[in-house]
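S.K.: What follows is a single structure, and I will ask about it in a moment.
The values are calculated or read from the model by the stated rules, or taken from the named source; none is laboratory data. All of these numbers come straight from a predicted model, not from anything done at the bench. Cβ coordinates were reconstructed from backbone atoms using ideal geometry, including for glycine residues, and neighbour counts include every protein chain displayed. These area figures cover heavy atoms from the full protein model, side chains too; ligands, DNA and RNA do not enter into them. Shrake-Rupley method; radii C 1.70, N 1.55, O 1.52, S 1.80 Å.
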Amino acid sequence: MVANARVGQSNTVAETAGPALGGLLLSVIGPSWLFALDGLVNVVAAVLQSRIRVHEPRPARREAGRHVGHDIAGGVRFTYRHRTLRPLALSVHVWFLGNSIVTTTFGVYALRHLGLPDWGFGLVLAAGGVGGFLGALLAPRLGAVLGAGRAILCGRALIVLPWLALALLPLSATMDLRLGLPVAAGALFLSSLAMGIEDTNDISYRQAIAPDEIQGRMNATIRTANRVVFFFGALATGVLMTLLGFAATIGIGALVFILAAAIVLFSPLRTVRHEDETDR
């Protein structure tokens with residue numbers, strides 16, 4: 001779990017510096033040069049990643065009559081028949097639906113509804129990076145003290161608060177920037193803090209409970225479903241924003257997060273710990 005937390009911390013360091021620098025550069029050099037710079041950074045990242053050398057045994061040949069479809073089906077069966085992985089997967093799918101709603105809405109909400117300047121929006125995103133870093137820092141300790149299930153539940157419940165606050169507070173572009181900016185930054189800070197707590201414990205528990213030979217298929221099953229949910233959630237969010245407005249759409253996202261937390265609360269997942277390996 002500590003290794004997963006360190007990966008999360010490394011990611012959020014970059015996510016903290018990137019948005020703040022991006023907001024500044026957008027004001028200084030404009031969007032066209034900023035996109036070009038972003039492309040160059042991705043080329044550097046690809047070169048660095050290509051230099052990573054991994055030595056692992058070649059997988060055994062499949063038995064006659066078996067194909068990749070059997071592997072996919074095996075991953076689906078293992079994930080959704082497991083007594084604790086099933087609620088974990090369902091909860092994270094619902095969480096991704098809520099996240100697709102709030103993240104699709106937030107950029108437009110902050111820039112149009114709150115009227116944040118480019119540099120201000122960059123600072124808000126940077127605040128989210130700081131929250132994610134602290135969440136990943138706290139995650140191993142919370143997982144050890146509370147157990148994996150309760151730590152995940154803690155993150156699932158905490159993320160409801162900032163989005164519910166944004167949905168209910170009477171905020172608009174006419175308010176003083178000195179109020180709108182810290183409110184938006186605080187909301188993203190708390191949301192990312194919750195994500196840092198739950199993500200590390202979520203991934204670490206999956207790795208602890210699943211046999212090595214099923215790890216890839218189990219994670220692929222959950223991740224694929226998550227991205228499908230996010231895709232359709234983002235499409236639906238555009239319709240919701242058009243019909244209901246920003247605040248109501250964010251409120252719907254908060255309600256979806258409550259459902260994700262409830263799945264954990266009322267399932268065997270709530271009481272599991274990272275050291276549990278009884279189902280392996």
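S.K.: Restricting attention to segment 246-264, does a residue exist that is in contact (Cβ under 8 Å) with a residue 60 or more places away in the chain and aromatic (Phe, Trp, Tyr)?
M.R.: Yes, the conditions are met somewhere in segment 246-264.
S.K.: Got at least one residue in segment 76-98 being open to solvent by less than 10 Å² (accessible area, probe 1.4 Å) and closer than 29 Å to LEU171 by Cβ?
M.R.: yes
S.K.: Follow-up. Just need a number here: residues in segment 122-144 that are open to solvent by 40 Å² or more (accessible area, probe 1.4 Å) and under 23 Å from PHE246 (Cβ atoms).
M.R.: Of all residues in segment 122-144, those open to solvent by 40 Å² or more (accessible area, probe 1.4 Å) come to 123, 125, 130, 133-134, 137-138, 141-142, 144.
From what's left, under 23 Å from PHE246 (Cβ atoms): 123, 125.
Counting residues in segment 122-144 that are open to solvent by 40 Å² or more (accessible area, probe 1.4 Å) and under 23 Å from PHE246 (Cβ atoms) gives 2.
S.K.: Follow-up. Do we have any residue at all in segment 65-72 that's part of a loop (DSSP other than H, G, I, E, B), surrounded by 10 or more Cβ atoms within 10 Å (Cβ to Cβ), on the phi < 0 side of the Ramachandran plot and in contact (Cβ under 8 Å) with a residue 12 or more places away in the chain?
M.R.: First pass over segment 65-72, keeping only residues part of a loop (DSSP other than H, G, I, E, B): 65-67.
Narrowing the set further to residues that are surrounded by 10 or more Cβ atoms within 10 Å (Cβ to Cβ) leaves 66.
Adding the requirement that they be on the phi < 0 side of the Ramachandran plot leaves 66.
Filter once more, so that each one left must be in contact (Cβ under 8 Å) with a residue 12 or more places away in the chain: none.
No, every residue in segment 65-72 fails to be part of a loop (DSSP other than H, G, I, E, B), surrounded by 10 or more Cβ atoms within 10 Å (Cβ to Cβ), on the phi < 0 side of the Ramachandran plot and in contact (Cβ under 8 Å) with a residue 12 or more places away in the chain.
S.K.: Do you know which residues across segment 148-176 are open to solvent by 60 Å² or more (accessible area, probe 1.4 Å), assigned to a helix (DSSP H, G or I) and farther than 30 Å from PRO268 by Cβ? Steps first, answer last, please.
M.R.: Filtering segment 148-176 for residues open to solvent by 60 Å² or more (accessible area, probe 1.4 Å) gives 150, 161, 164, 168-170, 174, 176.
Within this subset, residues satisfying the condition of being assigned to a helix (DSSP H, G or I) are 150, 161, 164, 168.
LEU168 - this is the single residue of segment 148-176 that is open to solvent by 60 Å² or more (accessible area, probe 1.4 Å), assigned to a helix (DSSP H, G or I) and farther than 30 Å from PRO268 by Cβ.
S.K.: Here is a check on your reading of the model: is SER192 touching a residue at least 12 places away in the same chain (Cβ under 8 Å) and farther than 21 Å from ALA89 by Cβ?
M.R.: Numbers: touching a residue at least 12 places away in the same chain (Cβ under 8 Å): yes; farther than 21 Å from ALA89 by Cβ: yes.
Yes, satisfied.
S.K.: Out of (1) open to solvent by 70 Å² or more (accessible area, probe 1.4 Å); (2) within 20 Å of the chain's Cα centre (by Cα), what's the single condition that is false for SER32?
M.R.: SER32 satisfies every listed condition except (2).
S.K.: I'd like to check something: does segment 260-271 contain any residue that is open to solvent by 50 Å² or more (accessible area, probe 1.4 Å), more than 17 Å from the chain's Cα centre (by Cα) and of a type in the set (D, E, K, R)? Even if it seems obvious, please write down each step before you answer.
M.R.: Applying the first criterion (open to solvent by 50 Å² or more (accessible area, probe 1.4 Å)) to segment 260-271 yields 265-266, 268, 270-271.
Subsequent filtering for residues that are more than 17 Å from the chain's Cα centre (by Cα) retains 265-266, 268, 270-271.
Subset that is of a type in the set (D, E, K, R): 270.
Yes: segment 260-271 contains one or more residues that are open to solvent by 50 Å² or more (accessible area, probe 1.4 Å), more than 17 Å from the chain's Cα centre (by Cα) and of a type in the set (D, E, K, R).
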